Amino acid sequence: MIQKKSLQWIAWVLIMPVLALRGFTTIYPIVKTVLNSFFDIRILSGVNEFAGLSNYINIFKDQKVITTLKFTAIFVVVSMLFHIVFGIGLALILNMKFKGRRFLRTIVLIPWAMPSVVIGMAGKWAFNNDYGLINDFIRRFFPDFQLSWLINTGSARAAVIALDLWKDLPFFAILVLSGLQFISGDIYEAAKVDGADWFQSFFRITLPLIMRNVLTLCIPFTLWRLTSFDLVYSMTSGGPGEDTSLIAYRITMEAFTNLNVGYAAALAVLLFLVMGIFSWVNMRFMSKFEN
């Protein structure tokens with residue numbers, strides 16, 4: 001009979017090629033990006049020379065990048081706040097017992113299942129001032145209403161955040177719903193016997209029991225917001241000016257449009273550090289909440 005240690009060695013030999021390939025395709029791009037961030041690589045000019053920390057210093061001197069970083073922060077914070085508030089609210093609605101509940105849980109995921117590029121192009125049409133769906137609906141009640149959503153800074157940013165929320169909120173709510181499913185109904189019955197109303201039951205039973213689930217969801221959803229590109233690309237192309245440009249969009253433009261590879265690599269490393277710090281802070285907060 002083959003010994004247990006021999007079987008373990010056979011298993012390692014079989015999976016090592018896959019691990020090596022996966023490690024190479026993951027580690028090499030990260031190392032190469034970090035190295036490129038210390039070089040001035042401009043393909044159009046044929047420049048490829050060591051630049052030290054110049055790319056990182058130029059990030060905080062570049063007004064376009066500063067505007068991009070500001071909107072990225074606004075986009076992430078506002079979008080996640082609405083995801084948490086409305087996501088929990090939608091999950092509570094989907095958790096209620098009513099006829100057609102299963103059907104509603106299914107169709108509510110349609111926006112999330114659609115590609116972001118399609119959503120962005122549809123949003124570009126919907127928020128058009130002359131023939132868009134949004135203004136057409138508003139003008140049925142206010143005939144003199146005029147607002148060029150994607151031309152004004154404030155309204156363009158609001159439109160991008162609203163469309164992002166419309167797309168991913170259902171998926172967030174379904175995941176919160178999965179946490180609600182594990183709360184026993186006996187707890188609510190006992191709370192009713194003790195005289196607790198709906199609000200007391202929500203804030204003292206429901207919210208504490210699903211909070212860890214919500215905080216866990218905040219990690220990937222926030223990281224997805226930080227790396228969001230296709231929605232802005234197809235909807236506003238970062239306009240007006242750079243006011244709706246997100247950091248991932250700016251990295252793509254610098255790397256593949258301006259062909260400024262070194263500068264784009266520095267922006268990517270900065271984004272990587274921000275994502276790592278956020279994940280660490282969130283995990284620390286979750287551990288304290290659990291205790």
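How do Ser201, Ser228 line up, fewest other C-beta atoms within 10 Å first? Walk me through the numbers on the way to the answer.
Details: Ser201 16, Ser228 22.
Starting with the residue having the fewest Cβ neighbours, the order is Ser201, Ser228.
From Cα pairs below 8 angstrom and at least 6 apart in sequence, can you work out the relative contact order of region 236-277, rounded to a whole percent?
On the way: 25 pairs, mean separation 10.7, N = 42.
Relative CO of region 236-277 lands at 26 percent.
With charges set only on the Cβ (+1 for Lys and Arg, -1 for Asp and Glu), what does the dipole of region 1-113 come to about its Cα centre, in debye to the nearest 20?
Values: 13 positive and 3 negative charges, 173 e Å.
Once rounded to the nearest 20, the dipole reads 840 debye.
Jot down the per residue volume, in cubic angstrom and as a whole number, of the convex hull over the alpha-carbon atoms of region 157-197. Kindly include the intermediate steps, with their values, before the conclusion.
Numbers: hull volume 3.3 nm³, N = 41.
Hull volume over Cα atoms, normalised by residue count, gives 80 Å³.
Which of the pairs Lys61/Lys124; Lys70/Lys167; Lys32/Lys124; Lys167/Lys192 have their Cα atoms more than 29 Å apart in this structure? The partial results should precede the final answer.
Values: Lys61/Lys124 31 Å; Lys70/Lys167 22 Å; Lys32/Lys124 36 Å; Lys167/Lys192 36 Å.
Among Lys61/Lys124; Lys70/Lys167; Lys32/Lys124; Lys167/Lys192, the Cα-Cα distance tops 29 Å for Lys61/Lys124; Lys32/Lys124; Lys167/Lys192.
Where in the chain are the DSSP H helices whose C-alpha atoms run 18 Å or more along the long axis and whose mean Kyte hydropathy is at least -0.5? Please report the intermediate quantities before stating the final value.
On the way: long enough: 4-36 (46 Å, 0.89); 63-95 (47 Å, 1.74); 153-180 (38 Å, 1.21); 207-226 (27 Å, 1.26); 261-290 (43 Å, 1.35).
Helices passing the filter in the chain: 4-36, 63-95, 153-180, 207-226, 261-290.
Quick check: convex hull of the Cα atoms in region 188-291, volume per residue, rounded to a whole Å³? Each step should come with its number before you reach the end.
Details: hull volume 13.2 nm³, N = 104.
So the per-residue Cα hull volume is 127 Å³.
Over the chain, calculate the relative contact order: mean separation of alpha carbon pairs under 8 Å at least 6 apart, over the residue count, as a percent. Don't skip to the end; give the middle numbers.
Working: 303 pairs, mean separation 83.2, N = 291.
So the answer I get is 29 percent.
Give me the distance between the Cα centres of region 132-182 and region 53-99, rounded to whole Å.
14
Over region 151-291, calculate the relative contact order: mean separation of alpha carbon pairs under 8 Å at least 6 apart, over the residue count, as a percent.
Working: 86 pairs, mean separation 36.0, N = 141.
Computed value for region 151-291: 26 percent relative contact order.
Taking the Cβ of Ile93 as the centre, find all other residues whose Cβ is under 13 Å away and add up their charges (Lys, Arg: +1; Asp, Glu: -1).
Numbers: positive: Lys97, Arg101, Arg105; negative: none.
Result for the local shell: +3.
Hey, got the Cα dimensions of region 214-263 along the principal axes, in Å, largest first?
Principal extents (largest minus smallest coordinate, Cα): 39, 26, 15 Å.
For the chain, taking Cα atoms only, what is the radius of gyration to one decimal and the Dmax to the nearest whole Å?
When restricted to Cα atoms, the chain yields Rg and Dmax of 24.1, 86 Å.
Given N residues in region 1-129, what is its alpha carbon radius of gyration divided by 2.2 N^0.38 Å?
Working: Rg = 25.3 Å, N = 129, 2.2 N^0.38 = 13.9 Å.
Dividing the Cα Rg of region 1-129 by 2.2 N^0.38 Å gives 1.81.
In Å³ and rounded to a whole number, note down the convex hull volume per residue for the Cα atoms of region 41-88.
That works out to 115 Å³ per residue.
Treating the beta-carbon of each Lys and Arg as +1 and of each Asp and Glu as -1, no other charges, what is the dipole magnitude of the chain about its Cα centre, to the nearest 20 debye? Each step should come with its number before you reach the end.
Numbers: 25 positive and 17 negative charges, 159 e Å.
With only Lys, Arg, Asp and Glu charged at Cβ, the dipole is about 760 debye.
Would you be so kind as to identify which of Phe39, Ala264, Asn95 lies farthest towards the positive end of the dipole of the chain, taking Lys and Arg as +1 and Asp and Glu as -1 on Cβ and the Cα centre as origin?
Farthest towards the positive end: Asn95.
Scaled to the compact-protein estimate 2.2 N^0.38 Å, what is the alpha-carbon radius of gyration of region 126-252, rounded to two decimal places?
Details: Rg = 20.6 Å, N = 127, 2.2 N^0.38 = 13.9 Å.
Working it through for region 126-252, the quotient is 1.48.
Under the 0.36 nm per residue contour assumption, what length would be gained going from the current alpha-carbon distance of Ala190 and Asp230 to full extension?
Values: separation 40, 0.36 × 40 = 14.40 nm, distance 4.83 nm.
My answer for the length gained is 9.6 nm.
A short reminder: the numbers here are calculations on the coordinates, not readings from a lab. Small disclaimer: the values here were computed from a predicted structure and weren't measured. Using ideal geometry, Cβ is built from the backbone for each residue, glycine included, and neighbour counts are taken over all protein chains shown.
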